[in-house]
1. Report the trypsin sites (Lys or Arg not before Pro) located in segment 283-386 that are in a DSSP loop and have at most 13 other Cβ atoms inside 10 Å of their Cβ, or state none.
2. With charges only on Cβ, +1 for K and R and -1 for D and E, what is the dipole size of the chain about its Cα centre, in debye, rounded to 20?
3. Before anything else, pin down the relative contact order of the chain: Cα pairs under 8 Å, at least 6 apart, normalised by residue count, whole percent.
4. Could you tell me what percent of the accessible area of the chain is made up of carbon and sulfur, with a 1.4 Å probe and every protein chain present?
5. At 1.4 Å probe size, with no ligands or nucleic acids counted, give the accessible surface of His380 in Å², nearest ten.
6. List the residues whose amide H sits under 5 Å from the amide H of Ile123, counting only those 5 or more places along or on another chain, with H placed 1.01 Å from N in the peptide plane.
7. Amide H neighbours of Arg206 under 5 Å, at least 5 residues apart or on other chains, H built in the peptide plane: list them.
8. Which value in deg cm²/dmol, rounded to the nearest 500, describes the helix-derived mean residue ellipticity at 222 nm for the chain, given -39,500 (n - 2.57) per DSSP H run of n ≥ 4 and division by the residue count?
Amino acid sequence: MALRITSLQEYHRLYEQSLRDPDAFWAEVASDFHWQQPWTKVSEGGFARADFRWFSGARLNISENCLDRHLKSFGSRTALIWEPNDPNEINRTFTYRQLYEEVCRCGSMLRQMGIGKGDTVCIYLPMIPELVISVLACARIGAVHSVVFGGFSSQSLADRIRDSQSKLLITADGYFRGNKPVYLKQMADEALEQCTSVKHVLVVNRSNFPIAIHAGRDSYWDQHMAKSSPVCEAESMDAEDPLFILYTSGSTGKPKGLLHTTAGYMVYTGFTFLNVFQYRENEVFWCTADVGWITGHSYVVYGPLLNAATVLIFEGVPQYPTWSRWWEIIDKYQVNILYTAPTAIRSFEAHGDHHLQQASLRTLRVLGSVGEPINEEAWHWYYEKIGKGNCPIVDTWWQTETGGIALSALAGVTPHKPAHVGWPLPGIVPVVMDENGNAVTDTQTEGSLCLARSWPGQARSIYGDHERFIQTYFSRFPGFYFTGDGCRRDAQGYYRITGRIDDVIKVSGHRLGTAELENAINQHPDVVESAVVTLPHPITGESIVAFVVSPDEVTDRNKLEKEVMDLVARTIGPIARPRQVFAVSGLPKTRSGKIMRRILRRLIQGERQDLGDSSTLLNPEIVDEIAKLLEHQPVRTD
Ligand code: WT7
């Protein structure tokens, strides 16, 4: 029986037990899964060298745990429901048996193409069933999946393929986001011009778009699947064999490939899905995240399927054909649990409650939020208008690095509090740290959120660069995992996340690095230098403002600004497009040449006086110039 926490008292008891004897606690959680061979040690290693390991010696396959294990009792239960972008197109559903068969066929197909244990497969697909099928098929044959969000540009895709040395790329001809076509295969072709590792490209025919076929390299998914064997034995994996690489932004320009391994990730996502959402048999769970993000990996694919849940995936966007689409989907499929991001909630709120008029939403039981801090107003709107005042909200804090939810209420079991992520999950030991590495004990002071102990779902490394992994996460506060977030803890022990304290930004819940954005901007021939800062935004949380320095007099400001915006969208992806660009003749710098972003941030927020310690400022005349510019060209806050 899966370990389910059903009362407040039990939460306290199990949390305490998870601290006192973590190995016993996690061994109990793990006992619910199917192991080909048991572990010899539950946990070992530590933060100093970042050599922590979980369930050493065990052998297993996560796809067997997601699929085979459920066939006997739940083979005819719906595993996956797919709702297409176009509401008039026919939907698709898969029972556990059907999903199992598709995954086996796909696994056989990949093996046929020479892919085996330890090979990396890059997956660049829209939100269609083939995305879930390919992820699970990789896991089944021991290949490492590297999913790249379908909204990323060809350049971002190329960087990720090169870094991960992917041998095979799975993509689609293209798809529609709302009424906008996205030509995925064309972007994949562009990316592959720069990549030598990819030997084969499998193309899912999603939209009948005409595509270029590179003979010997490209072939269609359907043609292979039709002749692939439905029998595909699951590879026997070591507990610490890599399961996937997932790229995310950090402080430097180069996105890092976080590496997750098999057993710990499985135990952690399975456990957190069941307990945070308090999932009940036969409920329909809808997580609106794309599988291209960690939320999709852990709570569209693995967490739900490990629990034999019914998962809904949606290909489209909230506003297509109207802002009522999500509510229609919830009523159509009788969704019980909705898990989404604050940006989406704020957009719905901004577009007006009349879009909710036709919706019943009576099947909803639990609401979830993830990806960025949720403000109180949005929290209350979500609670009242979507939850009708009787669905608990789980505001779940976690990261690509944590693998699964780390701080959150357990729906209906532990209390929720607006704008607070709540208490730690069992096994998670948060510490609010001051700058000197001392734990903050009062409720007023903000500090850095650190975690004092390893947990099974923790990322094990940055692919190909373990030193960078140690440097980034374990050196700022020796003995602790540094999350990069600021937080406070109130008198009841609830945590409130105040946002990133490093050079990482969150726009619409998407994670971007300022250095990555500046690198993209600096490619413009008329830009010698740039600085990116953010402004609070009522819907997207933060919006990107870029300052660019041009060597020559800028004659056409509008043209340069537009070009810079397009360049970023093209280089990284449309999600990274700056909201506003200012051409300036220089940037405020310290005497040692460091850009003073703090001053830029204050200037765009309308501050003119208190600009901080100007004794270190090398060029006060630049600050005056920018202040004047901002008077003529006001900062857009909408
Ligand atoms: C960063 C991680 C975790 C899945 C999606 C994002 C921010 C995440 C919350 C929350 C406030 C949150 C943090 C974190 N974040 N959840 N509930 N409240 N902030 O994964 O892209 O790796 O981003 O998202 O800043 O560090 P990610």
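The values are calculated or read from the model by the stated rules, or taken from the named source; none is laboratory data. Keep in mind that this is a model prediction, so the values were computed, not measured. Note that we place each Cβ from the backbone using ideal geometry, even for glycine, and neighbour counts take in every protein chain shown. Heads up: the accessible areas ignore ligands, DNA and RNA and are worked out on the full protein's heavy atoms, side chains in. Shrake-Rupley method; radii C 1.70, N 1.55, O 1.52, S 1.80 Å.
1. Arg362
2. Dipole size: approximately 860 debye.
3. 12 percent
4. Taking all protein chains in place, the chain shows 48 percent carbon and sulfur surface.
5. 80 Å²
6. Ser146, Val147, Val148, Ile170
7. So Arg206 has HN proximity to Asp173, Gly174.
8. -8500 deg cm²/dmol
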